[in-house]
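Undergrad: The structure under discussion is supplied below as C-alpha cells; questions concerning it will follow.
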Amino acid sequence: MRELAYYQAKFEALHEIMAADERVHLINGTFLSLSPHRHVYQELVKKYRDRIMSPPISELGFCGLATGAAMAGLRPIVDISTGSFIFEGWPQVVNEAANAFSMSGGQTRVPVVFHLFHGLRGGGAAQHSASPQAMLWNNPGLEIVLPSSPRDVKGLLKTAVASDNPTIFVDHVQLLEVKGEVPENDAPIPFGAADVKRQGSDVTVISTSYMVQRCLQVAEKLSAERISVEVVDPRTLVPFDMATLMTSVAKTGRVVIVDETHQSCGVAAEIAARIAEAGFDKLKAPLRRVATLDVPVPYSPPLEEYIGPREDRIIEAIRTVLR
Amino acid sequence: MWLIRAFEEKVSALYAARQIVGLLHLGIGQEAVAAGTCSLLRTDDYVFGGHRSHGHAIAKGADIKRLMAEIAGRATGYCAGKGGSMHIVAMDAGFVTATGVVGGTIPLALGAAFAAKENGKGQVAVVFFGDGAGQAGPFHESLNIASLWRLPVIFVCENNGYAEFTPLSAHTLVERLARHAQTYKIPSSTVDGNDLLKVRDAMAEAVRRARAGKGPAFVEFLTHRLRGHYEGDPAKYRELSQLAEWKAKDPIARFTRELKRKKAISDKEVEAIKDEARDLVERAAQFAIDSPWPAGEEVDSQVTA
Amino acid sequence: MLPKVSRETLLDFCRRMFVIRHFEESLVPLHDKGVFGGHYHLYVGQEATGVSALSCLRSDDYLFTTHRNHGHLLARGAQPKRLLAEILGRSDGYNKGKGGSFHTVVPDLGFLHTSAVVAGIIPLATGTAYAAKALNNGRITVCLFGDGALEEGAAPEALNLASLWKLPVLFLCENNGKYGAGRATGAAQSSTMAAFPLTDLPKAYKVPAQQIDGLDSGTVHATISEAVEKIRRGEGPQFIEAQTVRWPGSETNWPSVVQPTDSSLAWDVSGVPEKVREWYRSCDPLLIFIRELVDARQATMEEIAATEKKVKAEIADAVSFAVASPYPRPQEATNDYFA
C-alpha cells in the first residue's frame, strides 16, 4: 500500500471532491495553513477558478454566505483557517446553520462543511490556539469530525462533503506532515465509526486529532516496558461511536482519555462521563483525563508546552490507572 | 523612527536565528505613522494596536527591553512571556493591548474612549488597524457607536494595500476606508502615511477635536510594509516594481532628506541617531536573550485577578 | 398611486392585504388568552410594501425575512391555517411546531430559513444569491429586514460581499420608524444609527440604493420591478429602503389591537380612538390602497367590503383549524435534527 503525507492525502481528497461534484465550492482556502507545501493549493485554484472564492476578513459574512449557499443547493466547504476565528462567525454557525434543519421541522438542509485548524501550534498564543470543538459539541445540530491520519483525513473529508448536515471539520496543523498508508481508490469513511489505531490489552487510551499521534508514540515507548496500550480514536464526536469504545473498555478495564480541548467541559470530560455511565462496572480503576490546562494559552514556548497534554502527563496517567 | 526600524530589524534577525518563534509581523516601512501619531499623545492616552504593533508600542513609549523580552517569550517580558508579539501590553506607557484578531481592538478602543469621556481629563483613545479590518463587522459597529456617542476615539487606518496576502481590491470595491467614516458622519482624511509631518498634521487636528469633546475622527494613512505579511512570507503576490516604488518612499529616508534640506540636521547627527538606536536595540536584545524562560508553573498565575 | 397592473391583480393585492391585516389582528386575542406564548411581531401597517414588492418575484426566487415575517409569508401565498398552526406550535404547522412564529419555513414559497436574530439572515441571503449565480438558475434573493439590522456588523459585511462578488440579491429594508426621534431635525435616524439616510450605508459599497414611500403600493411596485429586472440582468445587488410609519399597536413590547380594521375606515375614522386616529387617517397603507381603488373605479366600496368579509371568514376558519390542530408528541423533540 502506498504511503502519503497527510497534506497529500488531504489534497487528493479535495481534488477528487471538486472533480466529482460541481456543487462543491471552496470559500477561503488555507487548507494547508502555512505549511511549506501549501503551494500545491494553487493547482486546485487554477483548475477550479470559478468555484474557489477568496473572501475578505468577514467571518460572520462568509460563514453566513456559505450556510445560505448550502440551503440553496451548493455544497460549500468554508475554511475558517485558525480555529479561534470561528468566534467571529459563531452566530452563523451555531445559531443559524446548526438550527436550520431542526427548527424548520426537517424542511431545510444545510450541507455545509466548516473547516478549521485547532490547538497548540507553537507560538500561537491565546488568540490563535483555540480548540472550539468542545463548545460546538455542546451545541446540537452540528456534526463534528476530527481526522488523525492521512487515510482518515481523506475518507472523512469526503463523507463530510457528502453529508446533508452542517459539519465541523476539525483539523490540526501538526498533522500535515504525518505519513501513513492510504489505499488507492479508498472508500469514504462513515461518521460514527471509531478506529482502533493500535491494538493493546493493558489500557485503553482514547484520543483525538493530533493527540492520537502523540499517544501512538507513547504506546510505542511503553511497549518497551511491556505495557500494552490500545489506542482508540473516535474520529467523529457527532455522531459518536460508543460501541467500539466500550468493547475496548471491557477488554482492558483501564481508561485514559487524551484531548487538546481545555479540561473543564472538554471533549475528555464528556467521553469520561459517557464511559462512567455505560461501563462503570467494567472499570478496574478510576479513569483519567489528560487535557490542556484551564488557562488562556500563553505565548512563551515553555509555557505553551507546559499546558498541553504533554507526553510525560500521558505516561503518568497510564501508570496511574495501571497501579 | 530609527528606534522602531532598528528594533524590527533586530527582531527579524533573532527570528531567523530561531531565538524567537511563532508568528511575527513587522512594521518596517510604516514607522512614520507610529512615530508621528504617538508623538502627539500623552502617556495617559490609550493606544490599541493589531498584530503589527511593535512600532506602535515603541512610539508610545514602551520599554524596548521588556518589549523585546516579551516577543522572545521570556519571563522578563511585559506579559511575562504569556502574550508574545501579537499580544503586547505596556500599560505603563498607555499601550493598552494589541491583538491577533483583525479589528479585534477596535471595539475595545471604544470602551477606553467611553471611560475617558467619563473621566473628564481630556484623554483620547487611538486604535491602529489595517485595511483588512475595514471589512469586518465590528469595525462598522464601532464607527456607528463612536459617532452616536461622540466618543474621543481616533481611528487610525494604516492602509498598506494588502490584507495578509491579497490586495485590498480583492476584499472590497471601496478604495479608501475613510469612505466608511463618512457614512457614519465622522470627520475623516486620507493622507500620505510616509510623510512624517503630514502624519502629525492630520493627527494633531484629530486629537485636538477629540480632546475638546467634539467626538471621533478617522485618519487613513497610505503606506506600505516593506516585508511580507509575516516573517517568512516570501510575498510573491507583490510586484517587485511596487516594492521598489515604496522603498523609494521610505519614511525615514524622506524625513531625513527633508531635515537635511532645511539644514536642521547634519550627517553626523543622523549617524549618531542611528547608532544610538542600534545600540539601545542591541542592549535590549541582549537583555532578552539573557533573560530566563518563564517556569511552567507560571501558567496558573494571573489567570484571574 | 396604484401599481400599473391589471384590475384582477389589483383586487388580488387587495385580498392579500386584507389577509395579512386580519390574520395579524387575530393573533392578539389568541396570545392574550394564552393560546400561544412567546414574542411575536405584527406586520400591520406595512402591507403595501410586502404585497406589492413580493408580487414582482418569480415563484422560485429566494426570500429571507425576520421576526416580522407573517406579512411576507402571507403576501407570498402561505396558507393562513398552516402559518397559524405553526405560530401556535401545533403539528399541522409548516415546521410541525418546531419553529414557531420566528422560524416558519416554507421552501416551496422560497422561505428556506428565518432567523430571529437581527441581521441573522443578511449573510445567508448573500449565500443563496451566490448559489443561484453559481448554478446559473436565474433565481434572485430578496433579503427583507428592518432599519435596526443595519446596526449589526453582519450587514456591512454582507453588503461588501454582495457588491464585491456581484451577487443577485435585493436588500429590501423596511424602515418603519419614519417619524423616529431626530429625523424631523434632519439628524440621526434614531439614537442607534449614526448613518443618515440609511442608504448611505449601501452606497459606500457602490450598491445602488434608493428610498421610497413604503405606504404607496404603486411606487413600491414600480421601484421593486425595476430593481429586480436589473438584478436578473446580472447587474449585481440593489438596496431599497421602504419607509412606513410604525403601527400604534406595536408601540409596546406586546402588540395590541387599538382599533380593529374595517374597510369603512378608509372613508370615516371618526370612530377611531383619538390618539391613533391620525395613523388610520393617513398612515395605514391598506386603507390608502382601498381609497385609491375606489377613486380609480377599479372596485366599489361594496365589492371591497365583500372581499373583506370573505377574508375574515377565511381567517376565522384558520383560527379554528389551528386551535384544533394537535400538539406534536413530546418525543418529536428528539426527531429530525439531522438529515
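Undergrad: Output the residues belonging to region A:246-271 that are more than 18 Å from A:ARG310 (Cα to Cα), open to solvent by less than 10 Å² (accessible area, probe 1.4 Å) and either in a loop (DSSP other than H, G, I, E, B) or of a type in the set (Gly, Ala, Ser) (or both). Even if it seems obvious, please write down each step before you answer.
TA: Just the residues of region A:246-271 that are more than 18 Å from A:ARG310 (Cα to Cα), to begin with: A:246-254, A:265, A:270-271.
Then drop every residue that is not open to solvent by less than 10 Å² (accessible area, probe 1.4 Å), which leaves A:248-249, A:252-253, A:271.
Scanning region A:246-271 gives A:SER248, A:GLY253.
Undergrad: Here's a follow-up. Can you find a residue in region B:261-272 that is in a helix (DSSP H, G or I), open to solvent by less than 60 Å² (accessible area, probe 1.4 Å), in contact (Cβ under 8 Å) with a residue 40 or more places away in the chain and out of contact with any Gly (no Cβ under 7 Å at 6 or more places or on another chain)?
TA: No, the conditions are met nowhere in region B:261-272.
Undergrad: Specify the residue that is farthest from B:THR223 (Cα to Cα); the eligible residues are those in region B:235-260 that are exposed (fewer than 13 other Cβ atoms within 10 Å of the Cβ) and of a type in the set (Asp, Glu).
TA: This residue is B:GLU239.
Undergrad: Follow-up question, since we're still on this one. Under 24 Å from A:GLU304 (Cβ atoms) and within 12 Å of chain A (Cβ to nearest Cβ), is that true of B:HIS54?
TA: Considered against the rule, which asks whether it is under 24 Å from A:GLU304 (Cβ atoms) and within 12 Å of chain A (Cβ to nearest Cβ), B:HIS54 comes out as no.
Undergrad: If you don't mind, another one. Can you name every residue in region B:280-297 that is open to solvent by 40 Å² or more (accessible area, probe 1.4 Å), within 16 Å of B:ALA69 (Cα to Cα), part of a helix (DSSP H, G or I) and not polar (S, T, N, Q)?
TA: B:LEU280, B:GLU282, B:ARG283, B:PHE287, B:ILE289, B:ASP290
Undergrad: Need a quick list: helices (runs of 4 or more DSSP H) entirely within region C:225-339 having at least 3 residues that are under 27 Å from C:SER6 (Cα atoms) and more than 21 Å from the chain's Cα centre (by Cα). Please lay out each step first, then the result.
TA: Values: elements: C:274-282, C:285-295, C:301-324.
Ranges flagged: C:285-295, C:301-324.
Undergrad: Here's something else I'd like to know. If you scan region B:98-154, which residues turn out to be part of a loop (DSSP other than H, G, I, E, B), closer than 19 Å to B:HIS25 by Cβ and more than 12 Å from chain C (Cβ to nearest Cβ)? Give the steps one after another, and end with the answer.
TA: Within region B:98-154, the subset part of a loop (DSSP other than H, G, I, E, B) is B:98-105, B:120-124, B:136, B:149-152.
Of the ones still in play, those that are also closer than 19 Å to B:HIS25 by Cβ are B:98-105, B:136.
Selection gives B:ALA98, B:THR99, B:GLY100, B:VAL101, B:VAL102, B:GLY104, B:THR105.
Undergrad: Let me ask something else about it. Quick one: which of B:ARG5, B:ARG18 is free of Cβ contacts under 8 Å to residues at least 12 places away in the same chain and either within 26 Å of B:GLN286 (Cα to Cα) or not in a loop (DSSP other than H, G, I, E, B) (or both)?
TA: B:ARG18 is the lone residue from the list that is free of Cβ contacts under 8 Å to residues at least 12 places away in the same chain and either within 26 Å of B:GLN286 (Cα to Cα) or not in a loop (DSSP other than H, G, I, E, B) (or both).
Rundown of residues vs (1) more than 14 Å from chain C (Cβ to nearest Cβ); (2) surrounded by fewer than 20 Cβ atoms within 10 Å (Cβ to Cβ); (3) at pLDDT below 95; (4) under 22 Å from B:SER85 (Cβ atoms), yes/no style:
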position: A:PRO36; (1), (2), (3), (4): yes, yes, yes, yes
position: A:LYS46; (1), (2), (3), (4): yes, yes, yes, no
position: A:ALA66; (1), (2), (3), (4): no, no, yes, no
position: A:ALA69; (1), (2), (3), (4): no, no, yes, no
position: A:LEU74; (1), (2), (3), (4): no, no, yes, no
position: A:VAL93; (1), (2), (3), (4): no, no, no, no
position: A:GLU96; (1), (2), (3), (4): no, no, yes, no
position: A:GLY122; (1), (2), (3), (4): yes, yes, yes, yes
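Undergrad: Would you mind finding the one in B:VAL191, B:VAL174 that is among the hydrophobic types (A, V, I, L, M, F, W, C) and modelled with pLDDT of 95 or more?
TA: Being among the hydrophobic types (A, V, I, L, M, F, W, C) and modelled with pLDDT of 95 or more holds for just one of B:VAL191, B:VAL174, which is B:VAL191.
Undergrad: Scan region A:130-142 and tell me whether some residue there is modelled with pLDDT under 95 and within 14 Å of chain B (Cβ to nearest Cβ).
TA: No, region A:130-142 contains no residue that is modelled with pLDDT under 95 and within 14 Å of chain B (Cβ to nearest Cβ).
Undergrad: Among the listed residues C:ARG82, C:ARG90, which satisfies the condition of being open to solvent by 10 Å² or more (accessible area, probe 1.4 Å), within 13 Å of chain A (Cβ to nearest Cβ), of a type in the set (Lys, Arg) and assigned to a helix (DSSP H, G or I)?
TA: That would be C:ARG82, the only listed residue that is open to solvent by 10 Å² or more (accessible area, probe 1.4 Å), within 13 Å of chain A (Cβ to nearest Cβ), of a type in the set (Lys, Arg) and assigned to a helix (DSSP H, G or I).
Undergrad: Another question, if that's okay. Take the residues in region C:291-327 that are of a type in the set (S, T, N, Q) and free of Cβ contacts under 8 Å to residues at least 40 places away in the same chain; name whichever of them is nearest to C:ARG21 (Cα to Cα).
TA: Of everything passing the filter in region C:291-327, C:SER320 is nearest to C:ARG21 (Cα to Cα).
Undergrad: Any residue that is part of a helix (DSSP H, G or I) and aromatic (Phe, Trp, Tyr) - is there at least one of those in region B:162-174?
TA: Within region B:162-174, not a single residue is part of a helix (DSSP H, G or I) and aromatic (Phe, Trp, Tyr).
Undergrad: Could you go through region B:155-164 and let me know if any residue there is at pLDDT below 95, within 14 Å of chain C (Cβ to nearest Cβ), in contact with a strand residue (DSSP E or B) (Cβ under 6 Å, 6 or more places away or on another chain) and open to solvent by less than 50 Å² (accessible area, probe 1.4 Å).
TA: No, the conditions are met nowhere in region B:155-164.
Undergrad: Another one. Within region C:1-43, track down each residue that is outside any loop (DSSP other than H, G, I, E, B) and open to solvent by 40 Å² or more (accessible area, probe 1.4 Å).
TA: Passing the criteria: C:ARG7, C:GLU8, C:THR9, C:LEU11, C:ASP12, C:ARG15, C:ARG16, C:PRO29, C:ASP32.
Undergrad: Among (1) away from every other protein chain (no Cβ under 14 Å); (2) in a helix (DSSP H, G or I), there is one condition A:ILE227 misses while meeting the rest; what is its number?
TA: (2)
Undergrad: Moving on to the next point. For region A:49-60, which residues satisfy the criterion of being in contact (Cβ under 8 Å) with a residue 24 or more places away in the chain, buried (at least 24 other Cβ atoms within 10 Å of the Cβ) and over 23 Å from the mean Cα position of the chain (by Cα)?
TA: First, the residues of region A:49-60 that are in contact (Cβ under 8 Å) with a residue 24 or more places away in the chain: A:51-55, A:59-60.
Still in the list and also buried (at least 24 other Cβ atoms within 10 Å of the Cβ): A:55, A:59-60.
A:PRO55, the sole residue that qualifies.
Undergrad: Go through region C:315-339 residue by residue and tally those that are at pLDDT 95 or above and surrounded by 17 or more Cβ atoms within 10 Å (Cβ to Cβ).
TA: Result for region C:315-339: 6.
The values are calculated or read from the model by the stated rules, or taken from the named source; none is laboratory data. Every value quoted in this text rests on a predicted model; they were computed, and no experiment measured them. Backbone-built Cβ (ideal geometry, glycine too); neighbour counts: all protein chains shown. To get the accessible areas, we keep the full protein, side chains included, count just its heavy atoms, and leave off ligands, DNA and RNA. Shrake-Rupley method; radii C 1.70, N 1.55, O 1.52, S 1.80 Å.
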